[in-house]
Amino acid sequence: MLRAYTIAFLIFLYAPILLLPVFAFNDGTVIAFPLDGFTTKWFEELWTNAELHAALVNSLLVACASSVLAVLLGIAAARANIRYKFPGKTAAMGLIMLPLVLPEIIVAVSLLVVAIRILGLDLSLWTVVAAHVLICTPFAVAILNASFQSLDASLEEAAIDLGFTRGETFRLITLPLIMPGIVAALLISFTISLDEFIIAFFLTGSDPTLPVYIWSLLRFPRLIPVVMALGTILMVVSISILILAEWNRRRGLRRAGVADKGGFL
């Protein structure tokens, strides 16, 4: 019964996503069965849409900046959490991981009020980057916690005993050993930022990100198949990045000789 329930749940969860490529290659503009025929013209329209290209560039810039910043913060937080004991550590880690359980709409409205009313900032891609760093950092910390836990602390102690400074030990010993976790955290943070819509919708200025631009296309029924084609590409890219991130995570565990106890999610 549990196996049947799991299969039914997965079908219910992923069947709507699997319909994206079906209608992306449909010749008609109405999203309904029966299909009108096979075509690739909706994918061809993606290459001639200058506004789409600009939104894609904006999303890539935001995703790259926010993922790098989130991983840098995640390395610092995960190392402090695993290697050190200090007053308030549990509370601090709880605050860092809090965005995982807060509704994104609440986070978005709160950041909008802070950015406009308190800080007096103009909405731009940088406000989106700051918000995405906030929501991506907990994912980076969760992945890097496992990387630091699987790293034998005696290796760092031995390097220091042999004359390395703490900075040299971190750069030459620690970083190479946790690099698979860093790559996995980068890929996960990049995917989350690239696909995120609610916060970007509230905090973006005159330069929309790709999810916000896709939302604007839904007002025009003729362009819905184009959205389906774009969604198909994003789905393939996101799944590929997640598979690569999971492969890096497992490779890091194998190198450290640690048993795999489950995925990073």
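Taken together, the values in this text are just the output of simple stated rules run on the coordinates, not laboratory data. Given the structure is predicted, the values throughout are model-derived calculations rather than measurements. Positions of Cβ are generated from backbone atoms using ideal geometry, with glycine treated the same way; all protein chains shown enter the neighbour counts.
Highest mean first, what order results for 58-64, 114-120 on Cβ atoms within 10 Å?
58-64, 114-120
Please work out the C-alpha center-to-center distance from the stretch 217-232 to the stretch 123-194 and express it in whole Å.
38 Å
Provide the per-residue ³J(HN,Hα) series for the stretch 41-51, in order, calculated from phi with Karplus coefficients 6.51, -1.76, 1.60 and θ = phi - 60°, each as a whole number of Hz, with x at glycine and proline positions.
5, 5, 6, 5, 5, 5, 7, 10, 9, 5, 5
Quick one: if you stick a label point 7 Å off each Cα along the C-beta vector at residue 17 and residue 105, how many nm between them?
According to this spin-label approximation, the distance is 2.3 nm.
Take residue 98 and residue 251, extend 7 Å from each Cα along the Cα→Cβ direction, and tell me the distance between the two endpoints in nm.
A separation of 3.7 nm, rounded to one decimal place.
Beta carbons within 10 angstrom, averaged per residue: use that to sort the peptides 1-8, 70-77, highest first.
70-77, 1-8
Highest GNM mean-square fluctuation, the chain, Cα pairs closer than 10 Å: which of 232, 174, 204?
Residue with maximal mean-square fluctuation among 232, 174, 204: 174.
For the chain, what is one quarter of the convex hull surface built on the Cα atoms, given in nm²?
The Cα convex hull of the chain, projected and averaged over all directions, gives 18.7 nm².
So what's the net charge close to residue 63: Lys and Arg +1, Asp and Glu -1, counting the other residues with Cβ under 15 Å from its Cβ?
Within the 15 Å Cβ shell, the charges total -3.
Considering Cα pairs under 8 angstrom that are at least six residues apart, work out the relative contact order of the chain and quote it in whole percent.
29 percent
Based solely on its DSSP helices, what 222 nm [θ] is calculated for the chain when runs of n ≥ 4 H residues each add -39,500 (n - 2.57) and the sum is averaged over all residues, nearest 500 deg cm²/dmol?
After summing the helix terms and dividing by the residues of the chain, the value is -23500 deg cm²/dmol.
Extension gain residue 220-residue 51, at 0.36 nm per residue separation less the Cα-Cα distance, in nm?
Result: 59.3 nm gained on full extension.
May I ask you to derive the relative contact order of the stretch 1-44, considering only C-alpha pairs under 8 Å and at least 6 residues apart, and to give it as an integer percent?
27 percent
For the ranges 153-166, 178-191, 98-111, what's the packing order if you count other beta-carbon atoms within 10 Å of each residue, average per peptide, and put the highest first?
Top to bottom by mean Cβ count within 10 Å: 178-191, 98-111, 153-166.
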